[in-house]
Amino acid sequence: MENQKQVDERIKELIIQAAKGASPPDLAEIGVKLSGYYALLGEEFQNLIVFQADRWLELRKDAKSDKMADRLWDATDEGKRSNVLRFKLKYLERVMAQINRRLRVAEGESFNRF
């Protein structure tokens, strides 16, 4: 299993490869690989959200408000990781959507529709 730094580097490599104008078959393969990484990161994010549900209640006991409990959660290592994962998942969604758009355009071009 790859460690987190290796996963991040591999994702960056795939995004750069797609941005440099990969062929449609390569784009499709990149999309599949990014979807796999998206699933792995999504599972980790899900586990953190489940953990947050229990931990947040503990934090809320010491906080004066829900907002303060949220800030205390964000300051934990798990809270920081959760925020990082949220952003990674969001940009992977955007990249995969653009790859799909480029594939649809390439398909249309192959039938002289554009």
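The set of residues from the range 1-15 being modelled with pLDDT under 95, open to solvent by 70 Å² or more (accessible area, probe 1.4 Å) and in a helix (DSSP H, G or I) comprises Lys5, Gln6.
Can you report the number of residues in the range 30-43 which are surrounded by fewer than 17 Cβ atoms within 10 Å (Cβ to Cβ) and touching a residue at least 12 places away in the same chain (Cβ under 8 Å)?
Initially, the range 30-43 is screened for residues surrounded by fewer than 17 Cβ atoms within 10 Å (Cβ to Cβ), giving 32-33, 35-36, 39-40, 42-43.
Checking which are touching a residue at least 12 places away in the same chain (Cβ under 8 Å) leaves us with 33, 35, 40, 42.
The total comes to 4.
Among the residues of the range 94-114, those that are open to solvent by 90 Å² or more (accessible area, probe 1.4 Å), more than 25 Å from the chain's Cα centre (by Cα) and not acidic (Asp, Glu) comprise Phe111, Asn112, Arg113, Phe114.
Sort through Ile49, Ile16 and tell me the only one that's among the aliphatic types (A, V, I, L, M) and touching a residue at least 24 places away in the same chain (Cβ under 8 Å).
Numbers: Ile16 fails: touching a residue at least 24 places away in the same chain (Cβ under 8 Å).
None of the others qualify; the one that does is Ile49.
The values are calculated or read from the model by the stated rules, or taken from the named source; none is laboratory data. This one's a predicted model, so the numbers in the text were calculated from it and none came from an experiment. No Cβ is skipped: glycine too gets one built from the backbone with ideal geometry, and neighbour counts run over all protein chains shown. Please note that ligands, DNA and RNA were not included when accessible areas were found on the heavy atoms of the full protein model with its side chains. Shrake-Rupley method; radii C 1.70, N 1.55, O 1.52, S 1.80 Å.
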